[in-house]
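Chemist: Structure in structure tokens, see below.
Coordinate-derived values only; no laboratory data. What you are looking at is a predicted structure, and each value in this text was computed from that prediction instead of being measured. FYI the Cβ positions are ideal-geometry reconstructions off the backbone, even for glycines, and counts take in every protein chain you see.
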Amino acid sequence: MATIARLLAPILASLLVATACAAPSTAPSPSGSAAASGAPVTGGTLTIPIVADPTLNPWSPNAFVESVFPNRVLFDGLTKPGKDLAPAPDLAESWSASADGLSWTFKLRAGVKWSDGQAFSADDVAFTFNDVVLNKALGANGAGNFSALTSVTVIDPSTVRFDLARPFAALPAYLAYNAGILPKHVLSADPLKNTSFNKGVPVSTGPFKVEKYTAGQSVSMVRNESYFGPKPYLDRVVFSVVPDPNTQIAQALSGDIGIMLLDNKASVDRVKSASNLRVASRPLVQYYWLALNQTDPRFTDVRVRQAFVYAIDRKAIIDSVENGYGSIANSAISPALKAYYDPSLESRYPYDPDKAKQLLAQAGWTPGSDGVLQKDGQPFRFTMDVGQKGPLEPVNALIQQNFKKIGVIADLNTMEWNAYIQKVVVRRDYTATVNWWVYPSDPDVFPYYASSAAGKGYNIPGYKDAKLDDILLRGQSATNLEQRKTVYKELQAYMADNEPYLFLWYPQEVDVISSSLQGVPDLGLRDAMHYIGEWWLKK
């Protein structure tokens with residue numbers, strides 16, 4: 001469990017008043033000779049499961065959860081999540097904000113090369129943001145995270161300036177979050193749809209580079225000899241496509257998988273009993289939600305959204321599906337962000353089907369002869385699209401039963417993960433869906449809720465609310481910790497009242513790690529991927 005000091009570190013580091021950066025790593029390069037007991041040694045292959053074929057480009061509209069791990073290994077950002085949770089140096093070695101908070105200057109690391117041997121420079125940073133992220137025609141994944149950004153200016157080959165339309169205190173944190181830099185010399189003509197790059201052998205700056213991409217099977221990576229930092233200990237990392245969580249567990253138990261997220265937490269006791277595995281759990285900056293498409297007029301009535309939250313037995317979901325690894329959510333601010341989290345909201349919506357029925361009656365929904373709620377002669381019936389990933393299928397089944405008890409019929413449409421992403425996230429062709437958000441260790445959630453991101457970006461429900469926009473903007477502009485705490489406490493209360501997403505639960509991450517795998521930092525696996533060069537296999 002992180003201490004309060006560690007949780008405050010990213011907050012203080014991202015404020016506009018000052019930014020201090022840690023020194024670059026001075027860890028020694030691995031030795032090929034036999035190491036002393038407990039000391040890192042080189043060699044070996046590590047296999048990590050992913051649920052579908054990845055897209056090897058962090059800004060591609062088709063890069064989602066299946067692509068996050070490989071992309072964090074391949075594409076360095078200007079910053080990365082530090083081991084103390086604060087933004088830490090990566091391709092940038094230092095940064096500072098202007099007095100008015102409207103620009104940030106980043107000094108780039110010297111001597112960095114791309115995996116094809118070409119030199120990395122400020123031009124690559126400017127290209128990534130000016131030509132890709134800010135090019136609305138491309139629809140870059142994650143572009144909404146940088147809505148405050150107007151342009152990136154090259155000061156000299158090793159210095160860039162980010163110019164902003166408004167203060168953006170969380171910029172270093174967001175630059176550490178799936179914001180890898182792309183090679184201008186390779187992608188200038190086709191930055192997001194280059195198949196030989198995205199589904200082949202991309203040019204990258206990370207500690208490993210792609211050796212082979214085998215569709216439907218795996219992506220194999222080997223050491224990047226051009227990497228600027230200490231060379232990785234592992235010889236090879238293989239991301240294996242294993243969609244079924246039970247198969248992942250079986251492969252971990254047999255020793256075929258070295259590290260993984262345990263999506264099926266019902267299996268945690270089985271994994272804990274295995275002599276070749278260890279289990280680590282920790283709170284996450286993550287929450288699960290039910291999105292109701294706001295183009296459907298049934299869901300624009302806040303009483304309906306509130307009724308649905310009362311109708312869902314969220315504690316039962318946590319107990320039965322998550323095996324107790326989680327807590328009830330009532331806003332987008334996770335309890336992992338202790339400096340900001342408001343515990344007074346924890347009892348805001350107890351499980352209460354009768355209260356749900358009362359609110360639906362106030363909204364004009366009354367029982368028909370078959371017990372199904374009706375309004376204007378139409379039954380309250382809709383489809384929930386379900387992605388085959390982690391706890392989503394059993395959770396949707398439980399919600400379906402909860403809704404049936406209050407006279408609402410939810411038909412489930414279960415889909416393969418990539419098909420689900422295309423239908424729901426890319427095309428927004430859905431009525432209701434359950435999913436989750438993971439975001440940087442900062443309470444700025446503007447990209448997920450701003451009206452300007454409705455129908456695109458991360459505002460999946462398409463919810464629009466001028467007052468919510470105002471709170472979000474004030475949060476981005478706040479320049480000290482106390483101001484931010486005040487704004488984000490207001491934000492949580494407003495979200496709980498209005499339910500732009502229907503907040504379900506905050507999960508805990510459970511990582512399964514081979515007992516032979518060493519050097520993994522005490523972070524969630526998502527963030528630990530940035531340190532894969534330090535991992536090693538005990539002989």
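Chemist: As an exercise, use a Förster radius of 51 Å and the Cβ-Cβ distance of SER254 and LYS315 to find the FRET efficiency, rounded to the nearest 0.05.
Modeler: Details: r = 35 Å, r/R0 = 0.68.
FRET efficiency, SER254 to LYS315: 0.90.
Chemist: Under the definition of Cα pairs under 8 Å and six or more residues apart, what whole-number percent is the relative contact order of segment 272-427?
Modeler: Working: 174 pairs, mean separation 33.1, N = 156.
In percent, rounded to a whole number, it is 21.
Chemist: OK, next. Quick one: what are the phi-derived ³J(HN,Hα) couplings along segment 291-299, Karplus 6.51/-1.76/1.60 with θ = phi - 60°, whole Hz, x for glycine and proline?
Modeler: Residue by residue, segment 291-299 yields 9, 10, 4, 6, 7, 8, x, 5, 9 Hz.
Chemist: With +1 assigned to the C-beta of every Lys and Arg and -1 to the C-beta of every Asp and Glu, and no other charges, what is the dipole magnitude of the chain about the Cα centre in debye, to the nearest 20? Write out the running numbers ahead of the final one.
Modeler: Values: 50 positive and 51 negative charges, 53 e Å.
Here the size comes out at about 260 debye.
Chemist: Separate question: Say the dipole of the chain comes from +1 at the beta carbon of Lys and Arg and -1 at that of Asp and Glu; which of ILE50, ILE471, HIS185 then lies farthest toward its positive end?
Modeler: In the chain, that residue is ILE50.
Chemist: Let me check against my output: what whole-number percent is the relative contact order of segment 192-297, with C-alpha pairs under 8 Å and at least 6 apart?
Modeler: Taking the mean separation of contacting Cα pairs over the length of segment 192-297, I get 14 percent.
Chemist: Now for a separate question. With θ set to phi - 60° and the Karplus curve 6.51 cos²θ - 1.76 cosθ + 1.60, what are the ³J(HN,Hα) couplings of segment 48-57 in order, to the nearest whole Hz, using x for Gly and Pro?
Modeler: Karplus-based 3J(HN,Hα) across segment 48-57 equals 10, x, 10, 8, 7, 4, x, 10, 8, 6 Hz.
Chemist: Pairs of Cα atoms under 8 Å, at least six residues apart: use those to get the relative contact order of the chain, whole percent.
Modeler: Numbers: 1177 pairs, mean separation 107.8, N = 539.
The normalised contact order for the chain reaches 20 percent.
Chemist: Please report the orientation-averaged projected area of segment 286-508, defined via the convex hull of its C-alpha atoms, in nm². Show your work: numbers first, answer last.
Modeler: Details: hull surface 46.9 nm².
Value for segment 286-508: 11.7 nm².
Chemist: Given H placed on each backbone N at 1.01 Å, which residues far from ASP76 in sequence or on other chains put an amide H within less than 5 Å of it?
Modeler: ILE181, THR205, GLY206
Chemist: Still on this structure: Hey, which of these cross-link pairs are over 30 Å Cα-Cα: LYS404/LYS489; LYS265/LYS404; LYS265/LYS423; LYS193/LYS538?
Modeler: Pairs exceeding the cut-off: LYS404/LYS489; LYS193/LYS538.
Chemist: For segment 286-508, with only Lys/Arg (+1) and Asp/Glu (-1) charged at the beta-carbon, what is the dipole magnitude about the Cα centre, in debye rounded to 20? Write down the numbers at each step before the final one.
Modeler: Values: 24 positive and 25 negative charges, 34 e Å.
In total the dipole reaches around 160 debye.
Chemist: Kindly rank 216-222, 466-472 from highest to lowest mean number of other beta carbons found within 10 Å of each residue. Walk me through the intermediate numbers first.
Modeler: Numbers: 216-222: 18.7, 466-472: 14.9.
Highest to lowest by the protection proxy: 216-222, 466-472.
Chemist: If R₀ is 22 angstrom, what is the calculated FRET efficiency for the pair SER94 and THR153, using the beta carbon separation as r and rounding to 0.05?
Modeler: Numbers: r = 17 Å, r/R0 = 0.78.
With R0 = 22 Å, the Cβ-Cβ based efficiency is 0.80.
Chemist: Looking only at segment 286-508, where both bridge partners belong to it, what percent of the DSSP beta bridges are antiparallel (to the nearest 5)? Provide the component values of the computation, followed by the final result.
Modeler: Numbers: 17 of 27 bridges.
Just about 65 percent of them are antiparallel.
Chemist: What are the extents of the Cα atoms of segment 124-172 along their three principal axes, listed from largest to smallest and rounded to whole Å?
Modeler: On the principal axes, segment 124-172 reaches 28, 23, 16 Å in Cα extent.
Chemist: So who's got an amide H within less than 5 Å of the one on ASN141, skipping anything under 5 residues away but keeping other chains? H placed 1.01 Å off N, in plane.
Modeler: SER60
Chemist: Where a ≥ b ≥ c are the square roots of the eigenvalues of the C-alpha gyration tensor, would you call segment 30-140 rounded, which needs a/c under 1.5, or, failing that, prolate if a/b is larger than b/c, or oblate?
Modeler: Numbers: a/c = 1.98, a/b = 1.34, b/c = 1.47.
Taking the square roots of the gyration eigenvalues as a ≥ b ≥ c, segment 30-140 is oblate.
Chemist: How much mean residue ellipticity at 222 nm does the chain get from its helices, if each DSSP H run of length 4 or more adds -39500 (n - 2.57) and you divide by all residues, to the nearest 500 deg cm²/dmol? Walk me through the numbers on the way to the answer.
Modeler: On the way: 17 runs with 137 residues, N = 539.
So the helix-based figure for the chain works out to -7000 deg cm²/dmol.
Chemist: Also, quick follow-up: Please go through the residue pairs LYS136/LYS464; LYS315/LYS485; LYS113/LYS199 and name each one whose alpha carbons sit more than 24 Å apart in this structure.
Modeler: On the way: LYS136/LYS464 20 Å; LYS315/LYS485 28 Å; LYS113/LYS199 22 Å.
In this structure, LYS315/LYS485 lie more than 24 Å apart at Cα.
Chemist: Further question: With just the Cα atoms defining each centre, how far is segment 264-308 from segment 421-483? Give it in Å.
Modeler: 17
Chemist: Here is a follow-up. What is the Cα coordinate range of segment 357-455 on the first, second and third principal axes, sorted by size from largest, in whole angstrom?
Modeler: Principal extents (Cα only, largest first): 48, 30, 24 Å.
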